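The values are calculated or read from the model by the stated rules, or taken from the named source; none is laboratory data. Because the structure is a prediction, the values reported are computed rather than measured. With ligands, DNA and RNA removed, areas are computed over all heavy atoms of the protein, side chains included. Shrake-Rupley method; radii C 1.70, N 1.55, O 1.52, S 1.80 Å.
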Amino acid sequence: MKRINSSLGGVILMARVMNPYRALKNKHYRNFWSAQSISLIGTWIDTTLRGWVAVNLFSEDKAAGFIGLIAFLKGFPSVFFSPIAGVLIDWFGPKTILLYTQLLDAANAFFMAYLVWKGLLNPFFLLFLSLMMGITSGFYLPSRNTFISNIVPKDMLPNALALHSMIFNVARMVGPTIAGFVVELYGLEFGFIVNAISFLPLIVVLLLIPDNHAKIYGNVSFKKFFEDLMEGVRYVSTNSVLINTFVGLTMYSLFGMPFGMLMQAFVKSVVKSDILGYGLIMGMMGVGAFIGANIVASINPERLIKLREDFLLVVIGTSILIASIKPALTPYAAFLIGACQSSFFNITNSRTQLLSPSNMKGRTISLYSFVNNGGSPTGTFILGMLGNFVGIKNVYILSGLILLFFAISRLFLLVNLSKQPKNFQ
């Protein structure tokens, strides 16, 4: 009888631990997660509309470069401001920093709506507002993750972060589609107003959730920060597995991520469709990403870090080429790329964390973020500018070929070096 009770207790415990939505039992996290879901949908509406505005401000031969510049301004500043954000989070708490970033982003969206409504929007305003978003994103990401760790128990933190990844992909599915219908029915300015309003539930929730962060005003040194950062760089540079992981991440950030970030220009000049077509393609990419994330989440961690992400890069490179040669197949290619992209980031991120000692994990992850956040906007900017001269279709073909050559060469190297898998032990 005791054995039966013990087994039953074990089954009940297993069911509780394996519940993929267990973090939502926490009231504060549930409220934050729900409000964040609304805000993320608004963010993807905004991302879609800004790119579409850029497409219509310029001729087809100039639009790709301008979209790339917007992506660069929205992404690259976070590389520099994230370390500063870390210090301010320690001083004032993540809730305070997160609240101010949301207020600034809401103001940005309202101003954007006003400019479009009055017909005053020009390239300067679009670039300036994109730069402001890039700066606030450098404070938003670290403050959000720290805030989550403050409102959920440690044993629920991985699940809470996973649920945030899930709603990001759902928002990527829903946001562009909503943007397309909103613009068709009510106009561009209404889409930006929808984004601005989407911040309000999150702002209200942040005001209601208690701030439990223990603020630290002393022992803050930029010298110590750079010393610790260099220690992390030395650790990564002496670990062959992490080096290979970061090289693959760099290549994908530079030549794979621009597929979605330059899609507005590709849809208009190559696919010959409108914002509804763009919304469909990005929605398919989001569906693929959601499915890919769920598949990878079910894999045992020890097995996960041994998977070769180079196979995913082969599929991504091939899909980019298919979309370029047969534009009608772009939605299907986007689905495959979304699934592989989500899997790629889950594999490389998990490997970086699981192969890093606890006292080095934060620094290795910061380097991972540096490569990802810096490479993606840089690649989009370079390929976008190149697209002004050779055409966006040729740029897509080039990026697909580079990814294919890189991934296949690494796979051939793996075959020749039979001892390579031992590095994962």
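For the set I320, I178, solvent exposure ranked by accessible area (probe 1.4 Å, protein chains only) runs largest to smallest as I178, I320. With 24 Å as the limit, the listed pairs K25/K95; K306/K393; K74/K268; K118/K393; K25/K74; K74/K326 have K306/K393; K118/K393; K25/K74; K74/K326 beyond it between alpha carbons.
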